[in-house]
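Trainee: I have a structure I would like to understand better, so I am pasting it below and will then ask my questions one at a time.
The values are calculated or read from the model by the stated rules, or taken from the named source; none is laboratory data. The model shown is predicted, which means the values in this text are computed figures rather than measured ones. All Cβ positions, glycine included, derive from the backbone under ideal geometry; neighbour counts span all protein chains shown.
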Amino acid sequence: MSPTPVTFASPVAPPGYAWEATTEQVAARYSLPPEAIVRFDLNTSPAPPAVADRILREARFEVPLSEYPPSDYRRLVEAAAAVYDVAPEELLVGAGADEVLDLCAKAFLPPGGAAVIPVPTYAMYRVLTEQRPARVVAVPRRPGTEGWHLDVPAVRAAAAAADLLWLCDPNNPTGDLEPEGKLEALLAGIAADADAAGRAAPIVVLDEAYAEFVGRSAVAWHRRWPNVVAVRTLSKAYAIAGARVGFAVGARPTIARLEPYRPPGSVSVPSVAVGTAVLRDPTALVENLARIETERPRLAAGLAALGWQVAPSVTNFLLVDFGSPERAAAVAEGLLRRGLVPRTFGAGHILAGHLRFTIRAPAENDRLLEAAAAIEAEASGTTAMTRPSTEEGPAPKDGGEQR
Ligand SMILES: Cc1ncc(COP(=O)(O)O)c(C=O)c1O
């Protein structure tokens with residue numbers, strides 16, 4: 001089953017990105033009904049907000065579907081500006097954070113330039129950098145035993161000669177956030193280095209796809225460091241990944257540099273309506289955060305009780321270290337046979353011995369716990385405690401990067 005999100009099939013084709021196999025593909029390969037498949041790989045929420053269902057049922061949109069969305073997305077921008085506490089001119093709308101990241105690469109990273117990526121992190125940064133094409137300057141994070149935190153001196157030194165620095169906080173796929181004050185110190189250091197060298201500081205794209213889960217954000221940091229662009233999304237805590245709504249937040253001149261690259265209507269009329277509604281009515285967000293607060297320690301403790309090495313997380317996902325790529329692949333296969341799709345990491349990836357799991361609804365998390373117990377029982381030669389495994393399927397292809 002494969003992930004292989006980053007492929008280099010042809011030396012002339014640009015690098016691409018793909019998710020794990022689709023639900024239909026998993027179901028077909030493991031002879032399971034599609035409704036039995038649960039996605040633990042995409043860091044989404046288990047159900048859309050009620051307000052989204054209502055709007056779509058009633059089809060109450062600003063303009064009919066025969067028309068394009070208003071090109072300034074005015075209502076959506078105003079709703080987001082109110083939530084992030086910035087001016088509407090400091091915002092840019094995209095079709096999900098992914099489109100915003102793509103626009104950042106296009107606007108700030110010249111072909112032949114260089115971008116710093118602290119690794120491991122979200123795989124899109126590398127893909128977008130290589131597509132320019134620009135040079136990836138990968139800076140390893142501190143080891144997992146030190147929380148996968150940034151190696152600040154190394155990142156700062158690399159940024160001194162770069163056009164762009166991709167940061168992710170909390171970081172996907174490792175799940176933790178940087179200690180208080182550390183990012184500010186890094187940004188201050190980068191600004192000081194640029195001043196001393198008489199050059200412009202590199203643009204720092206700070207991806208905050210999981211910020212709501214920690215309640216801390218850099219959306220106002222462009223006031224101190226105009227080179228910082230914060231990236232936000234409604235896909236994760238707001239639970240509307242399918243709507244595809246994301247934002248860049250930055251100083252007006254920086255947002256103005258992004259605007260020429262923005263397609264005039266990449267966010268659909270229904271998505272604009274639903275996005276505006278979930279920003280104005282935070283009921284579902286609040287419930288979602290409460291679910292994660294309860295389910296994260298429960299799922300982490302349940303998996304840890306089986307001997308799984310669960311990394312600390314402040315997000316809606318958990319990274320588990322299985323010690324070797326072989327063991328991680330065997331566990332992934334055992335889960336897939338039971339209809340549960342984990343995020344895998346490719347051979348050669350620094351996290352090849354790990355799997356990542358989205359924290360889902362309580363009953364779905366129970367299924368994961370039961371499956372994990374059964375897999376551990378099988379591995380130790382004792383009787384499976386729960387849920388019998390389904391028909392055999394071919395082994396998953398190893399591979400893939402993080403989403
Ligand atoms: C760190 C990070 N950034 C961006 C994205 C993409 O978000 P969106 O659905 O808004 O495109 C993801 C999705 O998994 C993510 O983990």
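Trainee: Kindly evaluate F213 against the criterion of being within 14 Å of the ligand (Cβ to nearest atom), farther than 18 Å from E78 by Cα, surrounded by 21 or more Cβ atoms within 10 Å (Cβ to Cβ) and touching a residue at least 60 places away in the same chain (Cβ under 8 Å).
Mentor: In short, yes.
Trainee: From the list V269, V278, V331, V274, exactly one residue is under 28 Å from A107 (Cβ atoms) and over 21 Å from the mean Cα position of the chain (by Cα). Which is it?
Mentor: Among V269, V278, V331, V274, only V269 is under 28 Å from A107 (Cβ atoms) and over 21 Å from the mean Cα position of the chain (by Cα).
Trainee: Being touching an Asp or Glu at 6+ places or on another chain (Cβ under 7 Å) and away from the ligand (no atom under 15 Å from the Cβ) is the filter here; which residues of segment 157-179 pass it?
Mentor: A160
Trainee: Got at least one residue in segment 255-265 being touching a Pro at 6+ places or on another chain (Cβ under 9 Å), under 14 Å from D72 (Cα atoms), away from the ligand (no atom under 16 Å from the Cβ) and of a type in the set (A, V, I, L, M)? Let's see the steps before the verdict.
Mentor: To start, the set of residues in segment 255-265 that are touching a Pro at 6+ places or on another chain (Cβ under 9 Å) comprises 264-265.
This time we only want the ones that are under 14 Å from D72 (Cα atoms), so: 264-265.
Checking the rest, the ones that are also away from the ligand (no atom under 16 Å from the Cβ) come to 264-265.
In the following step, the residues that additionally are of a type in the set (A, V, I, L, M) were identified as none.
Within segment 255-265, not a single residue is touching a Pro at 6+ places or on another chain (Cβ under 9 Å), under 14 Å from D72 (Cα atoms), away from the ligand (no atom under 16 Å from the Cβ) and of a type in the set (A, V, I, L, M).
Trainee: Given the residues A328, A251, A301, A273, which is the only one that is away from the ligand (no atom under 16 Å from the Cβ) and either surrounded by fewer than 16 Cβ atoms within 10 Å (Cβ to Cβ) or closer than 16 Å to A361 by Cα (or both)?
Mentor: From the options A328, A251, A301, A273, the qualifying one is A301.
Trainee: Since R39 meets every condition but one in (1) at pLDDT 90 or above; (2) touching a Lys or Arg at 6+ places or on another chain (Cβ under 7 Å), which condition does it not meet?
Mentor: (2)
Trainee: Using the structure shown, decide if V100 is surrounded by fewer than 23 Cβ atoms within 10 Å (Cβ to Cβ), among the aliphatic types (A, V, I, L, M) and touching a residue at least 40 places away in the same chain (Cβ under 8 Å).
Mentor: Here the answer is no, as V100 does not meet what is asked.
Trainee: Identify, by number, the condition in (1) modelled with pLDDT of 95 or more; (2) out of contact with any Ser or Thr (no Cβ under 7 Å at 6 or more places or on another chain); (3) closer than 26 Å to W148 by Cα that G353 doesn't meet.
Mentor: (2)
Trainee: Now for a separate question. Look through E78, E90 and report the one residue that is buried (at least 20 other Cβ atoms within 10 Å of the Cβ), over 30 Å from F322 (Cβ atoms) and either in contact with a His (Cβ under 6 Å, 6 or more places away or on another chain) or of a type in the set (D, E, K, R) (or both).
Mentor: Exactly one residue qualifies, and that residue is E90.
Trainee: Of the conditions (1) under 20 Å from the mean Cα position of the chain (by Cα); (2) of a type in the set (V, I, T); (3) in the same structural domain as L206 (by TED's automatic domain parsing), I255 fails just one. Which one is it?
Mentor: Unmet condition: (1).
Trainee: Would you say G189 is modelled with pLDDT of 95 or more, among the small types (G, A, S), in the same structural domain as A220 (by TED's automatic domain parsing) and in a loop (DSSP other than H, G, I, E, B)?
Mentor: no
Trainee: For segment 310-336, how many residues are in a helix (DSSP H, G or I) and in contact with a Gly (Cβ under 6 Å, 6 or more places away or on another chain)?
Mentor: The initial filter retains those residues of segment 310-336 that are in a helix (DSSP H, G or I), namely 325-336.
Okay, now just the ones that are also in contact with a Gly (Cβ under 6 Å, 6 or more places away or on another chain), so 325, 328.
Of the residues in that region, 2 qualify.
Trainee: Residue by residue through segment 52-77, note down the ones that are more than 16 Å from the ligand (Cβ to nearest atom), touching a residue at least 40 places away in the same chain (Cβ under 8 Å) and assigned to a helix (DSSP H, G or I).
Mentor: I55, L56, R75
Trainee: Now, a different point. Considering only segment 100-128, how many residues are under 27 Å from R142 (Cα atoms), in a loop (DSSP other than H, G, I, E, B) and small (G, A, S)?
Mentor: 2
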